[in-house]
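Only one structure is covered here, and it is reproduced in the block below.
The values are calculated or read from the model by the stated rules, or taken from the named source; none is laboratory data. None of these values were measured; they are calculated from a predicted model. Cβ: placed from backbone, ideal geometry, glycine included. Neighbour counts: every protein chain shown. Please note that ligands, DNA and RNA were not included when accessible areas were found on the heavy atoms of the full protein model with its side chains. Shrake-Rupley method; radii C 1.70, N 1.55, O 1.52, S 1.80 Å.
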Amino acid sequence: MQFQQLQYFVAVAETRHFTRAAELVHVAQPSLSQQIRALERELGADLFLRARGNITLTDAGEALLPLARRILEDTETARYEVQELVQLRSGRVRLGATPSLCTGLLPDVLRAFHDRYPGIRLLIEEGGSHDLVRQLARGALDLALVVLPLPTPSPALTTVELLREDLVVVSSPEAPKPGDGRRTVRIADLEGERLVMFRHGYDLRELTVAACRAEGFEPDFAVEGGEMDAVLGFVRAGLGVAVVPRMVAARSGRGLRVTPLARPGLHRAIALAHRSDVAPPRAARELQRMLLER
């Protein structure tokens, strides 16, 4: 099995078209088809069902695809690792983080990292913890900041807890203060509030909804489906209140009232994760050190 054959196989699997796949990998279409056939002979199974205008994966192709992608990603990581200079003057770091962490935790750390290593490219992938764990597992990320507990615990990942963060309630200063004007808000007080809610897949959504249900009520959504910036904007406009991390609220600027949650409140644990079977590249290890020492 050759690396090039896996490249061709993934290209066909993603485009579902031999000619477009050949253009993607810059090879003549007959050569690509020949290499795919050679790979199928070696594996002893057809990888594609070929019909005019309709290329689909067989069961064997479906099984091979995630493994082939991971091999290609690992090879790319190895290439960058070898190319890095001793003094970290070049290279890249692929970091995944939930959107709230991109807003609250990362800006200061990434600025410090960039000031120290200006030649290192920072590639940031925003997503929910579930999506980031999957991308780590297939080698598409070097590191990821995720919320614990992981949605699907994976023995292939190593996690180190960075911090525990309080959640707070944000509202428009023009709207009545939640909790009847008290200095803190109980989760039970949210039963009478319209909530601005994140889209499905946000860890904050699941955490907030679970807390409301634990108090015996279903939250009432004024608007839902937004990303972090949209949620904060809807709250500023007076559409409702939202539960967000304290770091995000502190960085949100004017136009928001911040009210702490009464004890025991709501908290979340933030962890740094990487694959257990492959050491992160050197530049990623340096960013990891800076995050742990923040």
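Data overview
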read-out	value
Total residues in the stretch 66-95, condition out of contact with any strand residue (DSSP E or B) (no Cβ under 6 Å at 6 or more places or on another chain), modelled with pLDDT of 90 or more and either among the charged types (D, E, K, R) or open to solvent by less than 50 Å² (accessible area, probe 1.4 Å) (or both)	4
So ARG236, is it open to solvent by 60 Å² or more (accessible area, probe 1.4 Å), over 18 Å from the mean Cα position of the chain (by Cα) and in contact (Cβ under 8 Å) with a residue 60 or more places away in the chain	yes
Filter pass, GLY119 being touching a residue at least 24 places away in the same chain (Cβ under 8 Å) and more than 17 Å from the chain's Cα centre (by Cα)	yes
Members of the stretch 39-49 found to be open to solvent by 30 Å² or more (accessible area, probe 1.4 Å) and without any contact (Cβ under 8 Å) to a residue 40 or more places away in the chain, listed by number	ARG41, GLY44, ALA45, ASP46, LEU49
Flag if ARG134 is without any contact (Cβ under 8 Å) to a residue 60 or more places away in the chain, open to solvent by 60 Å² or more (accessible area, probe 1.4 Å), under 18 Å from GLU218 (Cα atoms) and under 17 Å from the mean Cα position of the chain (by Cα)	no
Conditions (1) within 30 Å of ARG289 (Cβ to Cβ); (2) charged (D, E, K, R); (3) in contact with an Asp or Glu (Cβ under 9 Å, 6 or more places away or on another chain): number failed by ARG164	(3)
Count of residues meeting criterion [part of a loop (DSSP other than H, G, I, E, B), open to solvent by less than 50 Å² (accessible area, probe 1.4 Å) and over 30 Å from ASP142 (Cα atoms)] in the stretch 254-280	4
Filter result (surrounded by fewer than 16 Cβ atoms within 10 Å (Cβ to Cβ) and more than 24 Å from PHE113 (Cα to Cα)) within the stretch 152-174	THR152, PRO153, PRO155, ALA156, ASP166, PRO173, GLU174
Residue that is modelled with the highest pLDDT [pool: residues in the stretch 196-207 that are farther than 19 Å from GLY238 by Cα and touching a Phe, Trp or Tyr at 6+ places or on another chain (Cβ under 8 Å)]	ARG205
Per-region count, the stretch 1-26, residues over 22 Å from ARG70 (Cα atoms) and open to solvent by less than 40 Å² (accessible area, probe 1.4 Å)	0
Residue check for GLN5: more than 28 Å from the chain's Cα centre (by Cα) and within 21 Å of GLU73 (Cβ to Cβ)	yes
Lone unmet requirement of (1) open to solvent by less than 40 Å² (accessible area, probe 1.4 Å); (2) modelled with pLDDT under 95; (3) more than 21 Å from the chain's Cα centre (by Cα) for PHE217	(2)
Subset of the stretch 239-262 (residues that are touching a residue at least 12 places away in the same chain (Cβ under 8 Å) and among the charged types (D, E, K, R))	ARG246, ARG251, ARG257
From LEU162, LEU207, LEU232, LEU190, residue being aliphatic (A, V, I, L, M), part of a helix (DSSP H, G or I) and under 30 Å from ALA137 (Cβ atoms)	LEU207
